[in-house]
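The values are calculated or read from the model by the stated rules, or taken from the named source; none is laboratory data. Given the structure is predicted, the values throughout are model-derived calculations rather than measurements. Reconstructed Cβ throughout: ideal geometry from the backbone, glycine too, with neighbour counts over all protein chains shown.
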Amino acid sequence: MAVKILDSWALMAFYNGEPAAEAVEEILFQGAQGRHHLYMSVINWVEIYTAYARRDSQTAAEAVIQEIATLSIEIVGVGDDLKLARQAAIYKARGEISYGDAYGAALAREKKAELVTGDSEFKKLEKDIKIHWLV
């Protein structure tokens, strides 16, 4: 079973009906069928909530996160041992990557998984993590 990390970019593309939506839908379908184990960092979850709350409303943000909760995506917190936070800090310290992206990349590295995104910010990390480019 393949392990995939969903970046907030991927789910935002899906919910906004962007060109990558069909590819994300297929990954979500495969996750529901047990062909992929899907994860998302809680920091990326926060990015999605924040984006919808700012753009639309808190009600819209609540609706989106309730829908995400029905998907076969395991939301991963920071953890008490701070291993994930330490790796995210390393990526963030290298420069020019957002806080949320640093956590997504750290989770991909920890799980030895493929990060699903279309965010070009991750190009800097292609040598460090596997990336499934959506665009």
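Computed quantities for the displayed model
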{"item": "Breaking point among (1) outside any loop (DSSP other than H, G, I, E, B); (2) exposed (fewer than 13 other Cβ atoms within 10 Å of the Cβ), for TYR103", "result": "(2)"}
{"item": "Qualifying residue in the range 74-94 (condition: buried (at least 19 other Cβ atoms within 10 Å of the Cβ) and assigned to a loop (DSSP other than H, G, I, E, B))", "result": "no"}
{"item": "Residues being out of contact with any Leu (no Cβ under 8 Å at 6 or more places or on another chain), within 14 Å of ILE43 (Cα to Cα) and modelled with pLDDT under 95 - total across the range 65-81", "result": "2"}
{"item": "Count of residues meeting criterion [of a type in the set (A, V, I, L, M), more than 15 Å from TYR52 (Cβ to Cβ) and in a helix (DSSP H, G or I)] in the range 11-34", "result": "6"}
{"item": "Tally of residues being touching a residue at least 40 places away in the same chain (Cβ under 8 Å) and among the aliphatic types (A, V, I, L, M) across the range 52-83", "result": "4"}
{"item": "Residues of the range 120-135 satisfying the condition of being surrounded by fewer than 19 Cβ atoms within 10 Å (Cβ to Cβ) and not in a strand (DSSP E or B)", "result": "SER120, GLU121, LYS123, LYS124, GLU126, LYS127, ASP128, VAL135"}
{"item": "Residue ID - surrounded by the fewest Cβ atoms within 10 Å (Cβ to Cβ), chosen from residues in the range 107-119 that are assigned to a helix (DSSP H, G or I) and within 11 Å of the chain's Cα centre (by Cα)", "result": "LEU107"}
{"item": "Residues of the range 27-55 classified as within 17 Å of VAL116 (Cα to Cα) and basic (Lys, Arg), total", "result": "1"}
{"item": "Residue in the range 36-47 that is among the β-branched types (Val, Ile, Thr), surrounded by fewer than 21 Cβ atoms within 10 Å (Cβ to Cβ), without any contact (Cβ under 8 Å) to a residue 24 or more places away in the chain and part of a helix (DSSP H, G or I) present", "result": "no"}
